[in-house]
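The values are calculated or read from the model by the stated rules, or taken from the named source; none is laboratory data. No experiment lies behind these values; they were computed from the predicted model shown. Neighbour counts are summed over all protein chains in view; Cβ atoms, including those assigned to glycine, are modelled from backbone coordinates with ideal geometry.
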């Protein structure tokens, strides 16, 4: 008999997403943009009265889609590999500046 289950290979590169929960307005655009289903809406509310985006542990691949679509620029994405951890997406001052770095 063959076993139909396959073990997941560990990823060489993982992502870590950080949301500024006190500035998040819960628009859910990042949830839609995440192809890994790694973001959901909290059950709690922040100081502004919004349910905010929270990260589902260990699903982030570091693709940066969530940070790129966030209208309020409250998401940072890091990528980690066996060698290093680096910031790869941070959107600041959405009104005028955009700082984007995407590695190949």
Checklist entry - Restricting attention to the stretch 62-73, and to residues there that are touching a strand residue (DSSP E or B) at 6+ places or on another chain (Cβ under 6 Å) and in a loop (DSSP other than H, G, I, E, B), which single residue is nearest to residue 20 (Cα to Cα)? => result 64
Checklist entry - For the stretch 32-61, which residues satisfy the criterion of being at pLDDT below 95 and under 12 Å from residue 18 (Cβ atoms)? => result 55, 60
Item to check | Selection from the stretch 33-61 of residues that are outside any loop (DSSP other than H, G, I, E, B) and either free of Cβ contacts under 8 Å to residues at least 12 places away in the same chain or under 20 Å from residue 87 (Cα atoms) (or both) | outcome: 33, 39, 43, 44, 45, 53, 54, 55
Checklist entry - So which residues in the stretch 15-32 are assigned to a helix (DSSP H, G or I), closer than 13 Å to residue 54 by Cβ and more than 8 Å from the chain's Cα centre (by Cα)? => result 31
